[in-house]
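The values are calculated or read from the model by the stated rules, or taken from the named source; none is laboratory data. Not measured: the values here are computed from a predicted model. Here Cβ is always computed from backbone atoms with ideal geometry, including for glycine, and neighbour counts include all displayed protein chains. The protein model used for the area step is the full one, side chains on, heavy atoms only, and it has no ligands, DNA or RNA in it. Shrake-Rupley method; radii C 1.70, N 1.55, O 1.52, S 1.80 Å.
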Amino acid sequence: MTQYEKYWLKVWNERRIFESESVPGRKKVFVTFPFPYMNGPLHIGHCFTATRVDIYARFKRMQGYNVLFPWAWHWTGESIPGMSYRLSQGDKEVRKAFLEIDGVPESEVERFVDPEYLASYYTRVSREAVKDTGFSIDWRREFRTVDPAFKKFIEWQYLRLRELGYVVQGTHPVVWCRRDESPTGDHDRMEGEGVSPEEFNLLKFEVEGDKRKRFLVAGTPASHGQWVAAFVQRLSELGWIEGRTVAIAYRWAEGHSERYAEIAAEFVRLKVDVIVTTGPAVPAAMQATSVIPVVFALAGDPVGTGLIASLARPGGNVTGLSIQQIDLASKRLELLREIVPGLRRLAIMANIGFPDAVLEMREVQSTAKMLGLEIVALAIRQAEDIAPAFESLKGPVDALYVCADPIVSTNRIRINTSALGARLPTMHGFRDYVEVGGLMSYGPNNANLFRRAAEYVDKILKGAKPGDLPVEQPTKFDLIINLKTAKALGLTVLPSLLARADEIIE
């Protein structure tokens, strides 16, 4: 940077000429552009785009407009946690890119297994680069896409556009997420850019008048496409074909329990035939209606949490399948001790605002006490509590037991990358946690439970009362082990344990 440039940067900062305040009667202009993604440094393309925006902002100031030009950093999507995860799994290409292409010091790269640290590092470096460039930015208005106010705005914006019919599945060539019923961009996928649709099919069905039924699925993105696919497949086998003899509308709470009541109220207004959901959303559905049948495909302890009167006679308008989450806690702890034979101090992460997680945590604590283990409780209530929970760990901890709930499931990549960074083996209740870096899981086969939930729907649509349909329990339990994670942690998995595994991720 020349002395001339440094001089004017100093003058602009001292005079605060780019800080925009409200001026009554003066015409206003707001300028922005796609926020730079913080899984790497800024490049020439960012500079080219920002320069054009800056020229426009300066021109409008010359015309007498009150111009607001803020700056934002893109922290959301799967690419940042995806790079952290691949780094934690020993991906040499990702590591090489950080060290040799980006020029990041070795000590910093070691900390990139934490996706929040990765994003914050590149934000810090990029901020200095943008400031040195001299753009006419009001830095008081800087924000990140994970900031609560911006997240709420995007949620409102998306829902409003969807309500007005602008977010729809059409014939244009975009990647469409069937689970969320919305377009999906490159940065919303784990593998990042370069993934494109390869085949397009347009299917049209005529909905038969008297045979049309409608029910809705409320849940979170953690409910996974394969679970819903299994549910829809079983419905089809039973004669309920989506788009022809049954209409399915999906709603996703995305880990935000406060949306359950809103979704349930919408279902009631739509006068649906059945509400299919998972345990966390059942209380909201029960409060919204005592008439519309509610089927839960997964519930940790439906009796203990008051969803039903008994397994044999649920009563009311609710029935479904229990996953025995609490009953399996001691078995999970037993398996964890096999893979971590020196286990002495165990951390347990649980959302203490979620009843099932609290019950599971108590069961693990009770079992651990009998085994002479020391417990470190990591209590959370929201996603923002996860990082501080890990930071609160003092002294050596041998493993982490994760109690499942919608918030934890939505943030499972963050939890696993943080655990790997802290060298903590993890135990989970579901396979999808192990797919993204968890060490092992033991629990029911959820795809199978969703298939069986379709059978409840079939009986209800044919006239059965939900309160008369007994709540069933799992018939299949899966032990999943991630050998890649075990290797990264320096753990040796005994052949006897591998032989009992239902699936080994390598």
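For the subset of the stretch 36-65 comprising residues that are open to solvent by 30 Å² or more (accessible area, probe 1.4 Å) and hydrophobic (A, V, I, L, M, F, W, C), which member is nearest to ARG127 (Cα to Cα)?
LEU42
For the stretch 66-77, does any single residue satisfy the condition of being among the small types (Gly, Ala, Ser), closer than 23 Å to GLU128 by Cα, outside any helix (DSSP H, G or I) and modelled with pLDDT of 90 or more? Don't jump to the end; show me each part of the working.
Filtering the stretch 66-77 for residues among the small types (Gly, Ala, Ser) gives 72, 77.
Adding the requirement that they be closer than 23 Å to GLU128 by Cα leaves 72.
Checking which are outside any helix (DSSP H, G or I) leaves us with 72.
Now drop any that are not modelled with pLDDT of 90 or more, which leaves 72.
Yes, because at least one residue in the stretch 66-77 is among the small types (Gly, Ala, Ser), closer than 23 Å to GLU128 by Cα, outside any helix (DSSP H, G or I) and modelled with pLDDT of 90 or more.
Out of the residues in the stretch 84-101 meeting the condition of being among the small types (Gly, Ala, Ser) and assigned to a helix (DSSP H, G or I), tell me which one is surrounded by the most Cβ atoms within 10 Å (Cβ to Cβ). Can you show your working first?
First, pick out the residues of the stretch 84-101 that are among the small types (Gly, Ala, Ser): 84, 88, 90, 97.
Now narrow it down to the ones that are assigned to a helix (DSSP H, G or I): 84, 88, 97.
Working: SER84: 29, SER88: 24, ALA97: 16.
Only one residue tops the list, namely SER84.
Quick one: in the stretch 459-506, of everything that is of a type in the set (Ser, Thr, Tyr) and within 29 Å of LEU87 (Cα to Cα), which residue is surrounded by the most Cβ atoms within 10 Å (Cβ to Cβ)?
Going through the stretch 459-506, the residues of a type in the set (Ser, Thr, Tyr) turn out to be 475, 485, 492, 496.
The next check asks that each one be within 29 Å of LEU87 (Cα to Cα); those that pass are 485, 492.
Working: THR485: 23, THR492: 9.
Of everything passing the filter in the stretch 459-506, THR485 is surrounded by the most Cβ atoms within 10 Å (Cβ to Cβ).
Kindly list, by first and then second residue, each pair from a residue in the stretch 126-149 that is more than 22 Å from TYR4 (Cα to Cα) and open to solvent by less than 80 Å² (accessible area, probe 1.4 Å) to a residue that is part of a helix (DSSP H, G or I) and of a type in the set (A, V, I, L, M), limited to pairs with Cβ atoms under 8 Å and residues at least 6 apart or on different chains.
Once the first residue is more than 22 Å from TYR4 (Cα to Cα) and open to solvent by less than 80 Å² (accessible area, probe 1.4 Å) and sits in the stretch 126-149, its partners that are part of a helix (DSSP H, G or I) and of a type in the set (A, V, I, L, M) give PHE143/ALA149; THR145/ILE154.
Mind counting the residues in the stretch 381-408 that are surrounded by fewer than 23 Cβ atoms within 10 Å (Cβ to Cβ) and either modelled with pLDDT of 95 or more or of a type outside the set (Val, Ile, Thr) (or both)? Quick ask: steps written out before the conclusion?
Initial filter on the stretch 381-408 (surrounded by fewer than 23 Cβ atoms within 10 Å (Cβ to Cβ)): 381-398.
Now restrict to residues that are either modelled with pLDDT of 95 or more or of a type outside the set (Val, Ile, Thr) (or both): 381-385, 387-396, 398.
Qualifying residue count for the region: 16.
Check whether at least one residue in the stretch 346-362 is open to solvent by 10 Å² or more (accessible area, probe 1.4 Å), at positive phi and not hydroxyl-bearing (Ser, Thr, Tyr), and report yes or no.
no
Give me the pairs: first residue in the stretch 442-453 and within 15 Å of GLY429 (Cα to Cα), second residue modelled with pLDDT of 90 or more and part of a helix (DSSP H, G or I), beta-carbon distance under 7 Å, and six or more apart or on different chains, which are they?
Close Cβ pairs (under 7 Å, with a partner that is modelled with pLDDT of 90 or more and part of a helix (DSSP H, G or I)) amount to TYR442/LYS331; TYR442/ARG332; TYR442/LEU335.
Here are LEU449, LEU420: which of them is buried (at least 19 other Cβ atoms within 10 Å of the Cβ), within 30 Å of ASN317 (Cα to Cα) and not β-branched (Val, Ile, Thr)?
LEU449 is the lone residue from the list that is buried (at least 19 other Cβ atoms within 10 Å of the Cβ), within 30 Å of ASN317 (Cα to Cα) and not β-branched (Val, Ile, Thr).
Please work out which residue is farthest from PHE69 (Cα to Cα), limiting yourself to the stretch 1-44 and to residues that are touching a residue at least 60 places away in the same chain (Cβ under 8 Å) and not in a loop (DSSP other than H, G, I, E, B).
Looking at residues that are touching a residue at least 60 places away in the same chain (Cβ under 8 Å) and not in a loop (DSSP other than H, G, I, E, B), I get GLU5.
Which one is nearest to THR426 (Cα to Cα) among residues in the stretch 483-503 that are of a type in the set (A, V, I, L, M, F, W, C) and without any contact (Cβ under 8 Å) to a residue 24 or more places away in the chain?
Initial filter on the stretch 483-503 (of a type in the set (A, V, I, L, M, F, W, C)): 483, 486, 488-489, 491, 493-494, 497-499, 501.
Then keep just the ones that are without any contact (Cβ under 8 Å) to a residue 24 or more places away in the chain; that gives 483, 498-499, 501.
Values: LEU483: 12, LEU498: 17, ALA499: 20, ALA501: 16 Å.
Among those that are of a type in the set (A, V, I, L, M, F, W, C) and without any contact (Cβ under 8 Å) to a residue 24 or more places away in the chain, it is LEU483.
For the stretch 66-81, which residues satisfy the criterion of being of a type in the set (A, V, I, L, M, F, W, C), surrounded by 19 or more Cβ atoms within 10 Å (Cβ to Cβ) and under 30 Å from ARG16 (Cα atoms)?
Looking only at the stretch 66-81, we keep the residues that are of a type in the set (A, V, I, L, M, F, W, C), and these are 67-69, 71-73, 75, 80.
Narrowing the set further to residues that are surrounded by 19 or more Cβ atoms within 10 Å (Cβ to Cβ) leaves 67-69, 71, 73, 75, 80.
Hits for the stretch 66-81 are VAL67, LEU68, PHE69, TRP71, TRP73, TRP75.
So, in the stretch 238-283, exactly how many residues are open to solvent by less than 20 Å² (accessible area, probe 1.4 Å) and either assigned to a helix (DSSP H, G or I) or free of Cβ contacts under 8 Å to residues at least 24 places away in the same chain (or both)?
Residues in the stretch 238-283 being open to solvent by less than 20 Å² (accessible area, probe 1.4 Å) and either assigned to a helix (DSSP H, G or I) or free of Cβ contacts under 8 Å to residues at least 24 places away in the same chain (or both): 6 in total.
Looking at the structure I just gave you, is ARG111 assigned to a helix (DSSP H, G or I), closer than 30 Å to PHE390 by Cα, in contact with a helix residue (DSSP H, G or I) (Cβ under 6 Å, 6 or more places away or on another chain) and open to solvent by 60 Å² or more (accessible area, probe 1.4 Å)? Talk me through it step by step, then tell me what you get.
Numbers: assigned to a helix (DSSP H, G or I): yes; closer than 30 Å to PHE390 by Cα: yes; in contact with a helix residue (DSSP H, G or I) (Cβ under 6 Å, 6 or more places away or on another chain): yes; open to solvent by 60 Å² or more (accessible area, probe 1.4 Å): yes.
Answer is yes for this residue.
Only one of ALA350, ALA383 is under 25 Å from the mean Cα position of the chain (by Cα) and closer than 22 Å to ASN445 by Cα. Can you tell me which?
Values: ALA383 fails: closer than 22 Å to ASN445 by Cα.
So the residue among ALA350, ALA383 that is under 25 Å from the mean Cα position of the chain (by Cα) and closer than 22 Å to ASN445 by Cα is ALA350.
Taking ALA230, is it within 23 Å of HIS428 (Cα to Cα) and in contact with a strand residue (DSSP E or B) (Cβ under 9 Å, 6 or more places away or on another chain)? Lay out the reasoning, then the answer.
On the way: within 23 Å of HIS428 (Cα to Cα): yes; in contact with a strand residue (DSSP E or B) (Cβ under 9 Å, 6 or more places away or on another chain): no.
Criteria not met by ALA230.
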